1. Enumerate the residues in segment 256-271 having an amide nitrogen under 17 Å from the point lying 7 Å beyond the Cα of GLU179 toward its Cβ.
2. If the cut-off is 28 Å between C-alpha atoms, which lysines fall inside it for LYS245, apart from same-chain ones fewer than 8 positions away?
3. Would you mind checking the radius of gyration and Dmax of segment 104-175 based on alpha-carbon positions, in Å?
4. Leaving out ligands and nucleic acids, and using a 1.4 Å probe, what accessible area per residue does the chain come to in Å²?
5. Considering the Cα positions of the chain, please state its Rg to one decimal place and its Dmax as a whole number of Å.
6. Placing +1 at every Lys and Arg Cβ and -1 at every Asp and Glu Cβ, with all other atoms neutral, what dipole size does segment 94-198 have around its Cα centre, in debye to the nearest 20?
7. Could you derive backbone 3J(HN,Hα) for segment 135-142 from the dihedral phi with the Karplus parameters 6.51, -1.76 and 1.60 (θ = phi - 60°), listing whole Hz in sequence and x where the residue is Gly or Pro?
8. When the helices in the chain are scored as -39500 (n - 2.57) per DSSP H run of 4 or longer and the sum is shared across all residues, what 222 nm value do you end up with, to the nearest 500 deg cm²/dmol?
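The values are calculated or read from the model by the stated rules, or taken from the named source; none is laboratory data. All values derive from a computational prediction rather than experimental measurement. Every residue, glycine as well, gets a Cβ built from its backbone with ideal geometry; the counts of neighbours run over all protein chains shown. Note: areas computed on protein heavy atoms with side chains; ligands, DNA, RNA excluded. Shrake-Rupley method; radii C 1.70, N 1.55, O 1.52, S 1.80 Å.
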Amino acid sequence: FGIPGSFVLREAADAMAIRAYVQEKRCTQAVIAGGGLLGLEAAYGLHKLGISVTVLERSASLLRRQLDTRSGEFLREYLEGLGMTIAMQAETASVYGRRRLQQVRLKDGRVIPSDVFLVCAGIRSETQLGRDMGLQSNRGLVVNPHMQTSNRHIFAAGDVAEFDGKVFGLWSVAVSQAEVAAANAVSTTPTEVYNEIVPVTMLKVVGIELTSIGQINAASNKEEEIVLEDLGNHRYRKLIVAHGKIIGAILLGYPREAPGVAEAVKSGFNVTPHLEQLRKGEWKVL
């Protein structure tokens, strides 16, 4: 990795460099390592430039943190319908080229000709500084609800912080954690507490509206899944209901319903009186 034609995408300048390279070298084929939100959006951007795009996803389903298996299938079928290739359970072994990238070799032995290789394989917390200071770490630097590390005088927030066993990797979470950490860092006695926010993620690909909120699968038989499929239009919607409240949702192709569902989840709206309507697909009550 690092050969001309291999890229990462972290800043606006990276996107400009990729587009300039594609145009200058008249690239025709691209491989994206990673089928997450960033990888899929980048793949669509390259697809719009007229390039043949292959997305490599190492798991068996797209967006496993945001979608259940069924909605992941709907999304894959839609993207393939646009002309992109989605390779599941596929991982990169190496890239090769003489003066610039020419091919990508997968761990299963397949070789894909490619002019551009873009890595969008998620985040890994940079914990070295904290570990050098003796701070407790797993995937990230372990923090308590005050955003304190194992050294109570040192705070962490965002992608480096592991809270309740999770590294979220989301901007909205980072902002919320940073507000708590900043307030407690300038206080003689930390009093601000981070309460885990409901993650809302959206995929920005023209022609499809995807919103994922909170929990995506029922955790027990005490939680109800309301699932409605529109096979003809590749649309899918799902609610997870527990104790009369919506604790999670997936909406694929339902942009008008998304704001109401998101607000119902965040506000803890009691949907018990409306369950029959929701089961029938009458979601205007939200």
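1. The answer is 263, 266-268.
2. Output for LYS245: LYS166, LYS204, LYS222, LYS266, LYS280, LYS284.
3. Every Cα atom of segment 104-175 included, Rg and Dmax give 17.0, 52 Å.
4. Heavy-atom SASA per residue in the chain reads 54 Å².
5. Looking at the chain, its Cα Rg and Dmax stand at 21.5, 66 Å.
6. Value, rounded to 20: 820 debye.
7. Using θ = phi - 60°, the values come out as 7, 5, 8, 10, 6, x, 6, 5 Hz.
8. So the calculated ellipticity at 222 nm is -8000 deg cm²/dmol.
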